[in-house]
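Scroll down for the structure; my scribbles are underneath it.
The values are calculated or read from the model by the stated rules, or taken from the named source; none is laboratory data. Bear in mind the structure is a predicted one, so any value in this text is a computation, not a measurement. Heads up, the Cβs are rebuilt from the backbone with ideal geometry, glycines too, and the neighbour counts pull from every protein chain shown.
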Amino acid sequence: MNNPNEFSKVKLISNPVKSIVLHHDFSDTDTKARCKLDPQFIDIREGVWQVAVSHVLILNKAATELNTVFDLKTNLSYTCQIIDHQSVTVNECLASVKTQCKQDEFVFYTPPARVFYTVNDASTDSFILTLTRSKILTRENQEHSVKVEVLLLFQRMM
């Protein structure tokens, strides 16, 4: 080896995390947000990607107190769920956020441990995020109207 800085078997791999911020108003009737991605910034159709939640901010816009748990789900990844003794694939729940706040108060949620989920469905340049009440805690009469900010982290796997 003539030059000690020549390492033929060592390669530096750059794998930066890219962040995307979503702002959307969710309610009982509007539970889905369609997120279009700029392919010049991030193209999840090429390669294998992972997605994680950095934080979720929920502002209560309803006139009533909000006391529930919201599930933040995406169609980018899916999981298996057993319903009536049958296995069904459903959208992955990225985070479950407990909210207890009055009108114009907010809840700031950061996951205790950052979990990256592998993107299984990257067929287009967009994806869907849904914010719905947890099925166990759903009340028939309680309506909600919230303004939400979600910071998602995307990382390409090498």
*Given the conditions (1) in a strand (DSSP E or B); (2) over 11 Å from the mean Cα position of the chain (by Cα); (3) not basic (Lys, Arg), and given that residue 103 satisfies all but one, which numbered condition is not satisfied?*
(1)
*Filtering segment 67-84 down to residues that are of a type in the set (A, V, I, L, M) and under 19 Å from the mean Cα position of the chain (by Cα), which residue is surrounded by the fewest Cβ atoms within 10 Å (Cβ to Cβ)?*
69
_Any pair with Cβ under 6 angstrom, 6 or more apart, that starts in segment 144-158 at a residue that is over 24 Å from residue 60 (Cα atoms) and ends at one that is assigned to a loop (DSSP other than H, G, I, E, B)_ = 154/42; 156/47; 158/13; 158/15
*Assess whether residue 88 counts as being without any contact (Cβ under 8 Å) to a residue 40 or more places away in the chain, among the aliphatic types (A, V, I, L, M) and over 22 Å from residue 144 (Cα atoms).*
yes
*Please specify each residue of segment 24-33 satisfying the condition of being over 18 Å from residue 125 (Cα atoms) and outside any loop (DSSP other than H, G, I, E, B).*
24, 25, 26, 27
*Cβ pairs under 9 Å, 6+ apart, first in segment 120-140 and at negative phi and among the acidic types (Asp, Glu), second buried (at least 16 other Cβ atoms within 10 Å of the Cβ) and modelled with pLDDT of 75 or more*: 121/75; 121/76; 121/77; 121/78; 121/127; 125/37; 125/44
*Which one of 134, 87 is more than 22 Å from residue 50 (Cα to Cα), within 17 Å of the chain's Cα centre (by Cα) and modelled with pLDDT under 90?*
134
*Output the residues belonging to segment 118-134 that are closer than 21 Å to residue 23 by Cα and in a strand (DSSP E or B).*
126, 127, 128, 129, 130, 131, 132, 133
*Please find, among 62, 52, the residue that is small (Gly, Ala, Ser) and at pLDDT below 90.*
62
*Which one of these does residue 143 not meet: (1) in a loop (DSSP other than H, G, I, E, B); (2) exposed (fewer than 11 other Cβ atoms within 10 Å of the Cβ)?*
(2)
